[in-house]
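A short write-up of the structure that comes next.
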Amino acid sequence: MSVELDLAQLVRQHQVGLWRYLRALGALRDCVRRLEGRSQQVVELFYGQGFDRAAVAAQMGLKVNGIKTLLQRVRMAGKKAG
């Protein structure tokens with residue numbers, strides 16, 4: 001009986017953790033949708049598709065340092081908004 005209760009408690013804890021994760025993921029997606037232009041594109045390429053900075057720069061027609069700066073600005077804006 002004790003093992004069953006422990007297992008049930010463990011399942012509930014994981015469900016709560018999963019629920020929090022899914023809520024956070026949804027909030028993050030909403031934030032990305034609100035981005036515009038190059039900011040949204042750089043986030044989608046770098047984080048969404050996993051491109052490195054050089055590949056993002058080539059895709060967007062920018063220099064690698066420009067991508068680094070753009071990512072920093074997006075991160076800072078996210079911190080201010082969050």
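Taking the condition within 16 Å of the chain's Cα centre (by Cα), over 16 Å from Gly66 (Cα atoms) and at pLDDT 85 or above, does Leu35 pass? Before you say what the answer is, go through the steps one by one.
Numbers: within 16 Å of the chain's Cα centre (by Cα): yes; over 16 Å from Gly66 (Cα atoms): yes; at pLDDT 85 or above: yes.
When the stated conditions are applied, Leu35 passes them.
Looking at segment 68-77, is at least one residue surrounded by fewer than 12 Cβ atoms within 10 Å (Cβ to Cβ), in a loop (DSSP other than H, G, I, E, B) and not assigned by TED's automatic domain parsing to the domain that holds Leu25?
no
Take the residues of segment 28-62 that are more than 15 Å from Ala77 (Cα to Cα) and of a type in the set (A, V, I, L, M): which is surrounded by the most Cβ atoms within 10 Å (Cβ to Cβ)?
Val56
The values are calculated or read from the model by the stated rules, or taken from the named source; none is laboratory data. This structure is a prediction, so every number in the text was calculated from the model and none was measured. Don't worry about glycine lacking a Cβ; one is built from the backbone with ideal geometry, like all the others, and counts go over all protein chains shown.
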